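Below you'll find the structure, written out as structure tokens, and then a few comments.
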Amino acid sequence: MVDLVVRGDTVVTPQGVGAYDILVAGEKIVALAAPGAFPVPEGARLIDASGKIVIPGGIDPHVHCKWHLPSPGDAAPTETDPPEVVGLAALHGGTTTMIDFTRANQAATVQQAIELRERDWKGLCPCDYAQHIMVEGALPIDLPPQIAEAIQAGFATVKIFTTDITPSRKGRMVDFGDIWEIFQVLAATGGLGVIHSEDNDIVMHMYGKLIREGRTGFANMAEVHNTLSEDISFRRVIRLAEKVGAALYMMHVSAGTGVQAIREARRRGVPIYGESLHQYMLYSAEDYKRPNGQIYHTYPSLKFAEDHRELWAGTLDGSINCVATDEICCTLAKKLQGVRIDDTTGGNAGVEPRVSLMYTEMVGQRGYSLSRFVDLVSTNAAKIMGLYPKKGALAAGSDADIVVLDPADKRVIKAAELHEADYSPWEGRKMEAWPCLTMLRGKIVVENGTYKGARSDGQWQHRKIASDIVAAPLL
């Protein structure tokens with residue numbers, strides 16, 4: 001029984017952009033048809049999206065909710081905002097699914113860590129969600145088979161650090177031999193390595209060098225987390241994965257050298273995918289010099305104009321497949337608490353404006369097609385992360401995660417009008433469109449700025465990555 005029909009003249013589907021009626025029954029899209037081809041059933045609601053843009057719900061594959069947040073000096077660590085806050089902001093901004101992280105070392109077994117992390121999410125997140133498994137430090141000898149079991153249970157991606165990031169965060173980096181062991185598990189089970197890749201020797205050397213020279217201000221961050229580090233680390237990790245036969249997803253690519261390494265590997269047939277962040281693509285190391293310049297930072301650092309050129313080129317040639325946020329939702333006071341290269345708070349509050357911001361920059365400013373835009377904020381993440389075609393598509397059988405963008409809503413971003421944090425690094429930017437409707441599995445959860453959902457609406461998503469994604473660079 002059809003409950004709802006969305007009628008649009010600009011609907012972005014896997015087959016292209018056109019005029020369609022989207023027929024929704026329960027939580028699913030049951031059909032797409034020419035407008036008016038099927039009478040709207042009695043009792044069903046018709047949503048007229050004429051003059052607007054209808055897209056699948058956005059997918060942010062990189063967020064950190066209720067997450068450990070280090071504090072400078074001896075101050076006690078705190079936590080980022082919980083799924084209830086971040087998920088609400090996501091829905092207002094047209095994102096219907098987020099992927100966070102479960103730290104394997106938080107419990108005696110991976111399964112126990114999963115169960116512990118689920119307590120933070122189940123019934124407490126307004127949008128749908130999934131988890132990457134994160135491994136850190138020296139890995140227990142019995143961990144690889146547990147990772148294999150987790151992948152089979154629907155946790156299809158494994159986060160690995162090649163650096164401790166800062167001198168105070170010892171225990172993040174995984175040794176290369178242990179990475180080798182995890183890559184063998186990924187290759188055998190069809191999982192995907194999601195990598196924070198920097199060369200630890202170079203990063204720690206530069207921390208020491210700048211501290212000795214007294215240049216400890218965070219505005220020097222790009223000298224520490226530099227383009228050479230990304231170049232060397234990416235190529236080392238890629239070479240290992242290539243020999244083992246593992247598939248990779250390089251998280252938060254910040255430098256042109258990283259894009260080049262991905263591009264070259266893809267030409268050799270390596271199944272590798274790239275993610276950048278909206279702040280890396282639109283801000284540079286020069287922005288650290290602005291008032292409260294910490295608000296633009298996440299790890300690795302912002303880079304330079306030449307890196308922007310490569311990142312944007314990567315979105316067109318397949319080297320950069322997704323635009324994420326590395327969401328760290330906290331107060332401005334917490335974001336500004338660190339002022340040094342070794343204690344500045346990473347991450348940004350950006351999940352709400354992400355879809356509109358990328359529409360504005362990609363479609364409005366750079367002339368990208370609507371299909372390319374949707375790929376970068378939704379569809380590619382669904383395909384790479386094992387959610388497609390349930391998520392990331394307006395197609396029969398897919399979840400009815402539907403977003404309507406209104407190009408007449410050219411609002412200027414103001415933190416006071418958003419639903420996350422008390423600041424925004426995007427303050428004052430004018431948008432070319434903003435969501436006027438967000439639907440999650442057939443339920444209208446935001447309409448014309450009014451929230452109609454509940455914090456218990458979100459559901460955990462089982463993920464299995466398609467074999468062609470991990471066999472070759474498909475996208």
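Throughout, read-outs are computed from the coordinates displayed, never taken from laboratory work. Because the structure is predicted, anything quoted here is derived from the model rather than measured. For neighbour counting, all protein chains shown are included, and Cβ atoms are generated from backbone atoms with ideal geometry for every residue, glycine included.
Based on other C-beta atoms within 10 Å, arrange S369, S284 from fewest to most.
S369, S284
Explain nothing, just the number: dipole magnitude of segment 318-381 about its Cα centre with +1 on each Lys and Arg Cβ and -1 on each Asp and Glu Cβ, in debye rounded to the nearest 20.
Computed about the Cα centre, the dipole is about 120 debye.
Over 43 Å apart: what share of the alpha carbon pairs of the chain falls there, rounded to a whole percent?
Within the chain, distances greater than 43 Å cover 10 percent of Cα pairs.
Among V194, V374, which comes first, second and so on when ranked by fewest other beta-carbon atoms within 10 Å?
V194, V374
In Å and on Cα atoms, what radius of gyration and Dmax does segment 370-475 show?
16.2, 46
What share of the DSSP beta bridges in segment 58-391 is antiparallel, in percent to the nearest 5?
10 percent
Sum up the charges of everything whose Cβ sits under 10 Å from the Cβ of A265, counting Lys and Arg as +1 and Asp and Glu as -1, but leave A265 out.
+4
Which Rg and Dmax, in Å, describe the Cα atoms of segment 125-168?
13.2, 37
Students often get this wrong, so check it: of K390/K443; K159/K334; K390/K464; K159/K383, which have C-alpha atoms separated by over 21 Å?
Pairs exceeding 21 Å: K159/K334.
Roughly what angle does helix 83-92 make with the longest principal axis of the chain, taking Cα atoms, 0 to 90 degrees, to the nearest 10?
Roughly 50 degrees, rounded to the nearest 10.
Give the separation of the Cα centroids, segment 215-276 to segment 344-398, in Å.
21 Å
For segment 1-61, what are the per-bin percents of Cα-Cα distances with bins 5 Å wide, up to the bin holding the maximum?
Histogramming segment 1-61 at 5 Å steps yields 4, 19, 30, 25, 15, 6, 2, 1 percent.
State log₁₀ I(q)/I(0) for segment 160-307 at q = 0.12, 0.18, 0.20 Å⁻¹ as given by the Debye formula over alpha-carbon point scatterers of equal weight, solvent excluded.
-0.50, -1.03, -1.21
Just need log10 I(q)/I(0) for segment 225-267 at q = 0.25, 0.26, 0.28 Å⁻¹, Debye formula, equal scatterers on the alpha-carbon atoms, no solvent, rounded to two decimals.
Log10 I(q)/I(0), no solvent term: -0.85, -0.91, -1.03.
With all pairs of different alpha carbon atoms counted, what Kirkwood hydrodynamic radius in Å does segment 297-448 show?
17.0 Å
Residues of segment 337-372 with backbone nitrogen within less than 12 Å of a virtual label 7 Å along the Cα-to-Cβ line of A75, please, listed as ranges.
Zone members listed by number: 337-340, 343-345.
Looking at segment 1-105, which GluC sites (Glu not before Pro) are DSSP coil and have at most 16 other C-beta atoms within 10 Å of their C-beta?
The qualifying sites are E27, E42.
So for each of 259-267, 29-37 I average, over its residues, the number of other beta carbons within 10 Å; can you give me the resulting order with the highest mean first?
So the peptides 259-267, 29-37, ranked by packing, come out 259-267, 29-37.
Compute the signed sum of charges (Lys and Arg +1, Asp and Glu -1) over the other residues within less than 10 Å, Cβ to Cβ, of E417.
Combined, the nearby Lys, Arg, Asp and Glu give +1.
Take every Cα pair under 8 Å in the chain that's 6+ residues apart, average their separations, divide by the length, and report that relative contact order as a whole percent.
22 percent
Which FRET efficiency, nearest 0.05, do K209 and A34 yield, Cβ-Cβ r, R0 60 Å?
0.40
Taking the highest mean first, how do the peptides 157-170, 140-153 order by number of other beta carbon atoms within 10 angstrom per residue?
Top to bottom by mean Cβ count within 10 Å: 157-170, 140-153.
Pop the C-beta distance of Q152 and D468 into the FRET formula with R0 = 22 Å and round what comes out to the nearest 0.05.
Using R0 = 22 Å, I get an efficiency of 0.70.
Round to the nearest 0.05 the FRET efficiency obtained for D9 and T216 when R0 = 56 Å and r is the Cβ-Cβ distance.
For D9 and T216, the calculated efficiency is 0.50.
Within a Cβ distance under 12 Å of R236, other residues only, what is the Lys/Arg minus Asp/Glu net charge?
Computed value for this residue: -3.
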